[in-house]
Amino acid sequence: MSERVSRELFLGFIRVHILHHAAGEGVFGLGLIEELARHGYRLSPGTVYPLLHDMTAAGLLHAEGRQVGGRRRYYYRATVDGRRVLAEARDKLRELVAEVLADPGCE
Ligand SMILES: [Zn+2]
């Protein structure tokens, strides 16, 4: 698989991951980079910030600026649409996991 295609594939996982955390306590760029690193994704700010902006522009996230230690930090929370997409992604994930992990037959 080309690097571009595998990158696109994993970006889908990352978007779902972002929605998951944004539907909970909310996320900010650097916190997200650290969180995703714990899951084995090494992402630069040059990848994460455009993703957050895209998802905000698409109406999935809502950004809110807060002052943190003299700096303005943007926190992202899932919107109603974002939660709807997350719920849909959960159903599809459950099905996908059941099939792909239970039956690796086509390897
Ligand atoms: Zn996580």
Among Thr47, Thr79, Thr56, residue whose mean-square fluctuation peaks in a GNM of the chain (springs only between Cα atoms under 10 Å): Thr47
Estimated vicinal HN-Hα couplings, Hz - the range 49-66 in sequence order (Karplus 6.51, -1.76, 1.60; Gly, Pro = x): 5, x, 4, 4, 5, 4, 5, 6, 4, 7, x, 8, 10, 10, 9, 9, x, 9
Among His53, His62, His20: highest mean-square fluctuation, GNM of the chain, C-alpha pairs under 10 Å: His53
Three principal axis lengths of the range 1-60 [C-alpha, angstrom, descending]: 35, 26, 19
Rounded tilt (10° steps) of 3-22 against the dominant C-alpha axis of the chain: 60 degrees
Sulfur and carbon atoms: percent of accessible area, the range 10-71 [1.4 Å]: 57 percent
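If you filter the range 1-106 for GluC sites (Glu not before Pro), then keep DSSP loop positions with at most 16 other Cβ within 10 Å, what is left? Walk me through the numbers before you get to the answer.
Values: sites: Glu3, Glu8, Glu25, Glu34, Glu35, Glu64, Glu88, Glu95, Glu99; in loops: Glu25.
In loop regions of the range 1-106 (DSSP not H, G, I, E or B), the sparsely surrounded GluC sites (Glu not before Pro) are Glu25.
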The range 36-90: trypsin sites (Lys or Arg not before Pro) in DSSP coil with no more than 12 other Cβ atoms inside 10 Å: Arg42
Placed amide H near Ala58: partners under 5 Å, 5+ positions off or other chain: none
Cut-off 13 Å between beta-carbons: net charge of the residues surrounding Ser44, Lys and Arg +1, Asp and Glu -1: +1
Estimated vicinal HN-Hα couplings, Hz - the range 30-39 in sequence order (Karplus 6.51, -1.76, 1.60; Gly, Pro = x): 5, x, 5, 4, 5, 4, 5, 5, 5, 8
Cut-off 14 Å between beta-carbons: net charge of the residues surrounding Leu11, Lys and Arg +1, Asp and Glu -1: +1
Average accessible area per residue (Å²) across the range 4-56 - probe 1.4 Å, nucleic acids and ligands excluded: 56 Å²
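Compactness ratio of the chain: Cα Rg over 2.2 N^0.38 Å, N = residue count?
Relative to the 2.2 N^0.38 Å estimate, the chain comes out at 1.18.
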Angle between the chain longest axis and helix 80-102 axis [Cα atoms, degrees, rounded to 10]: 30 degrees
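The values are calculated or read from the model by the stated rules, or taken from the named source; none is laboratory data. Just so we're clear, the structure is a prediction, and the values are computed from it rather than from any experiment. Backbone-built Cβ (ideal geometry, glycine too); neighbour counts: all protein chains shown. Only protein heavy atoms, including side chains, enter the accessible area calculation; ligands, DNA and RNA are left aside. Shrake-Rupley method; radii C 1.70, N 1.55, O 1.52, S 1.80 Å.
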